[in-house]
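Asker: Here you go, one structure.
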Amino acid sequence: MQKLMKQIFRFAIVGGSAFLIDYGILFVLNEFLGVNYLIASALSFSVSVIYNYVLSIFWVFDPNEEQSKKEQFVVFMILSIIGLGINSLIMWISVNALTAWLPAVRNAVIVMTAKVIATFVVMVYNFITRKIYLEK
């Protein structure tokens, strides 16, 4: 149980810092550069996935030694692509729903709120799937 708690704590640190990278890039791309929120979200998510991979494999999870580094990376990327799909779907649903419910709210606030919602769901998905598929 203590190992699991330590792992969750480390996952939270890695995930929190990856979120800041993801959120920051999304904000800059969407708000300052005018990139569509779905494209900006996919790009920011992709950058944070690479960062997250490195720290997850070397600091958070105890990788399965029966898998090569290449296999671990492929599994991580497949899980991340599924996570990107979940992220994009939640972003699209949330932005459309929030825009309909709160038409007077600024677009940037809606996009960033949707990102928080999507990140929470994908974070839970990431921890569970990485624990199942990447660990001993």
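Asker: Pick from the range 79-106 the residues that are of a type in the set (A, V, I, L, M, F, W, C) and within 20 Å of ARG130 (Cα to Cα): which of them is least open to solvent (accessible area, probe 1.4 Å)?
Answerer: LEU79
Asker: Sticking with this one: Looking at the range 45-67 only, could you name the residues that are in a helix (DSSP H, G or I), touching a residue at least 12 places away in the same chain (Cβ under 8 Å) and either within 13 Å of GLY83 (Cβ to Cβ) or open to solvent by 30 Å² or more (accessible area, probe 1.4 Å) (or both)?
Answerer: PHE45, SER46, VAL47, SER48, VAL49, TYR51, ASN52, TYR53, LEU55, SER56, TRP59
Asker: Being farther than 17 Å from TYR125 by Cα and among the hydrophobic types (A, V, I, L, M, F, W, C) narrows it down to one of LEU38, LEU79, so name that one. Give the steps one after another, and end with the answer.
Answerer: Numbers: LEU79 fails: farther than 17 Å from TYR125 by Cα.
Step by step, each of LEU38, LEU79 is checked, and only LEU38 is farther than 17 Å from TYR125 by Cα and among the hydrophobic types (A, V, I, L, M, F, W, C).
Asker: Inspect all residues belonging to the range 8-19 and state whether any of them is farther than 30 Å from LEU98 by Cα and free of Cβ contacts under 8 Å to residues at least 12 places away in the same chain. Can you show your working first?
Answerer: Taking the range 8-19 as the starting set, the residues that turn out to be farther than 30 Å from LEU98 by Cα are 8-10.
Subsequent filtering for residues that are free of Cβ contacts under 8 Å to residues at least 12 places away in the same chain retains 9.
Within the range 8-19, one or more residues are farther than 30 Å from LEU98 by Cα and free of Cβ contacts under 8 Å to residues at least 12 places away in the same chain.
Asker: Continuing with this model, one more query. Among the listed residues ILE90, ILE86, ILE128, which satisfies the condition of being of a type in the set (Val, Ile, Thr), free of Cβ contacts under 8 Å to residues at least 12 places away in the same chain and closer than 24 Å to SER17 by Cβ?
Answerer: Unique residue meeting the criteria: ILE128.
Asker: Turning to a different aspect of this structure: One residue is enough: does the range 71-78 have a residue meeting the conditions part of a helix (DSSP H, G or I), open to solvent by 60 Å² or more (accessible area, probe 1.4 Å) and under 21 Å from ILE13 (Cα atoms)?
Answerer: yes
Asker: Let me ask something else. If you go through the range 27-39 one residue at a time, how many are open to solvent by less than 40 Å² (accessible area, probe 1.4 Å) and in contact (Cβ under 8 Å) with a residue 40 or more places away in the chain?
Answerer: 2
Asker: Here is a list: VAL35, VAL54, VAL74. Which entry is among the β-branched types (Val, Ile, Thr), out of contact with any Phe, Trp or Tyr (no Cβ under 9 Å at 6 or more places or on another chain) and modelled with pLDDT of 95 or more?
Answerer: Only one candidate passes the filter, namely VAL35.
The values are calculated or read from the model by the stated rules, or taken from the named source; none is laboratory data. Everything quoted here is computed from the prediction, not taken from an experiment. Glycine gets a Cβ as well: all are built from the backbone with ideal geometry, and neighbour counts include every protein chain shown. Ligands, DNA and RNA are stripped out before the accessible areas are found, and what is left, the full protein with its side chains, is counted by its heavy atoms. Shrake-Rupley method; radii C 1.70, N 1.55, O 1.52, S 1.80 Å.
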